[in-house]
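Worksheet: one structure, shown below.
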Amino acid sequence: MRSNATIRLVGAPQLVAIREGTTLLVAEEGCADRIIFQASCSEAEGIKPDEVCHGLSADEQFRAVLAALSGFFMSAPGVAVVMLDSSRLHPEVHHALLHSGVLTAAGQCIREAWAQQPSLWLTRPRTLPLCAHSDVTAASHASATAGGALRHPRRPPRLPGVVYERDIPAFGHRFTLRTATLTDDAERLHAWMNEPRVNAFWGEAGSFEAVQAWLHGVLASPHTHPLIGAFDGEPFGYFEAYWAKEDRIAPFAAPGDYDRGLHMLVGATRWRGPACVAAWLPSLVHYLFLDDPRTAAVFCEPRHDNLRMIGYLEQHGFTGLHHFDFPHKRALLVRSTRREFFDGRHV
């Protein structure tokens, strides 16, 4: 178990949570002397605030407490519950923690509830409303297989730029996800897609114009979100998150209205290997569960003989369900449910 952790969190101002032994601090990044929350902490005694900046609004104080919990839980990966003395917090913060599900009436902070607070990792404003449910009827991969048109929720537009950020102290790097663009990523994807090891599974090798046209098609699809993963700002992988109900996987997976699927590739050789996968794979799934709280499951369909990837998926929260056949491959359907992912402490 680590005794120290330093975590940078998204938002404005950006907060830094620091745990040094039994001391827990939250400061504004770039202002080390601007301590806005300080507490003593231990697994046995819990978190006891010593100093809470009185100049903070209730919303800012709520965010500072969540940041402090990040410093604690990330330094204690085996701990599922910690006591919090909330007597020195603003009453509105106490109620916000209760209503968020993070704090119980008995004063316990629950790790799986903390890990589902989008304001800690999603770069969009916390006040951005969830897209209302309204159905549309459209043709899809699934309807072509099943016959007839398909009703599914109208999907929100993709957010541009960086959508998710996470410090990973055990790995020593910061992981980010951003929406792919033709301008920034066509050349990079052309190089990656033409690597033999990538082409063996993706089959998109070809000229720059062909890869550019392929990416243009992905960006034009309302049910797919193409993403670029980076460590410390260095792009290393391409990921496609898609709404499973509209995808060709639907007849084999029977997904719910808000369930997602993933396609993944690592293009940068130096970011391959188990330690890297342990950093980006749970983070990627974490993003999808945070992006819409109605998402109950995330599916993948690796080729049945891609045993290394299947092993990674099973190690990081996925369960193999059954084999099935696409026209281009025999696949294994694997699934990670929200409950399994957060109960398994993959964040």
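The values are calculated or read from the model by the stated rules, or taken from the named source; none is laboratory data. Computed from a predicted structure; not experimentally measured. Cβ: placed from backbone, ideal geometry, glycine included. Neighbour counts: every protein chain shown. Please note that ligands, DNA and RNA were not included when accessible areas were found on the heavy atoms of the full protein model with its side chains. Shrake-Rupley method; radii C 1.70, N 1.55, O 1.52, S 1.80 Å.
Scanning segment 30-49 for residues that are surrounded by fewer than 12 Cβ atoms within 10 Å (Cβ to Cβ) and assigned to a strand (DSSP E or B) turns up Cys31, Ala32, Asp33. Among the residues of segment 74-122, those that are among the polar types (S, T, N, Q), buried (at least 18 other Cβ atoms within 10 Å of the Cβ) and closer than 29 Å to Thr179 by Cβ comprise Gln116, Gln117, Ser119. For segment 50-73, a residue qualifies if it is open to solvent by less than 20 Å² (accessible area, probe 1.4 Å) and under 17 Å from Gly21 (Cα atoms), and the qualifying residues are Ala67, Ala68, Leu69, Ser70, Gly71, Phe72, Phe73.
Counted as qualifying within segment 136-213 are the helices (runs of 4 or more DSSP H) with 1 or more residues that are at pLDDT 95 or above and within 22 Å of Gly261 (Cα to Cα), namely 182-193. Inspection of segment 256-263 identifies at least one residue that is buried (at least 22 other Cβ atoms within 10 Å of the Cβ) and in a loop (DSSP other than H, G, I, E, B).
Which of the numbered conditions does Ala297 fail, given that it passes all the others? Conditions: (1) touching a strand residue (DSSP E or B) at 6+ places or on another chain (Cβ under 8 Å); (2) within 24 Å of Leu189 (Cα to Cα); (3) open to solvent by less than 10 Å² (accessible area, probe 1.4 Å). Tallying (1) touching a strand residue (DSSP E or B) at 6+ places or on another chain (Cβ under 8 Å); (2) within 24 Å of Leu189 (Cα to Cα); (3) open to solvent by less than 10 Å² (accessible area, probe 1.4 Å), Ala297 fails exactly one: (2). Just to be sure, is Leu333 closer than 12 Å to Leu281 by Cα, modelled with pLDDT of 95 or more and not small (Gly, Ala, Ser)? Against the criterion (closer than 12 Å to Leu281 by Cα, modelled with pLDDT of 95 or more and not small (Gly, Ala, Ser)), Leu333 does not qualify. Whenever a residue of segment 333-347 is more than 22 Å from Ala250 (Cβ to Cβ), its partners that are of a type in the set (S, T, N, Q), lying with C-beta atoms within less than 7 angstrom and at least six residues away or across chains, give the pairs Phe342/Gln116. Does segment 168-177 contain any residue that is crowded, with 19+ Cβ neighbours inside 10 Å and either among the acidic types (Asp, Glu) or free of Cβ contacts under 8 Å to residues at least 12 places away in the same chain (or both)? Checking segment 168-177: not a single residue is crowded, with 19+ Cβ neighbours inside 10 Å and either among the acidic types (Asp, Glu) or free of Cβ contacts under 8 Å to residues at least 12 places away in the same chain (or both).
Checking segment 66-77 against the condition returns no match, with no residue being at pLDDT below 95, outside any helix (DSSP H, G or I) and within 30 Å of Pro129 (Cα to Cα). The residues in segment 238-254 that are of a type in the set (D, E, K, R), in a helix (DSSP H, G or I) and open to solvent by less than 20 Å² (accessible area, probe 1.4 Å) can be counted, and the count is 1.
Among the residues of segment 105-122, those that are more than 18 Å from Cys41 (Cα to Cα), touching a Leu at 6+ places or on another chain (Cβ under 8 Å) and either part of a loop (DSSP other than H, G, I, E, B) or among the β-branched types (Val, Ile, Thr) (or both) comprise Ala105, Gln116, Gln117, Trp121. Scanning segment 40-97 for residues that are within 19 Å of Glu28 (Cβ to Cβ) and of a type in the set (Gly, Ala, Ser) yields Gly55, Ser57, Ala58, Ala64, Ala67, Ala68, Ser70, Gly71.
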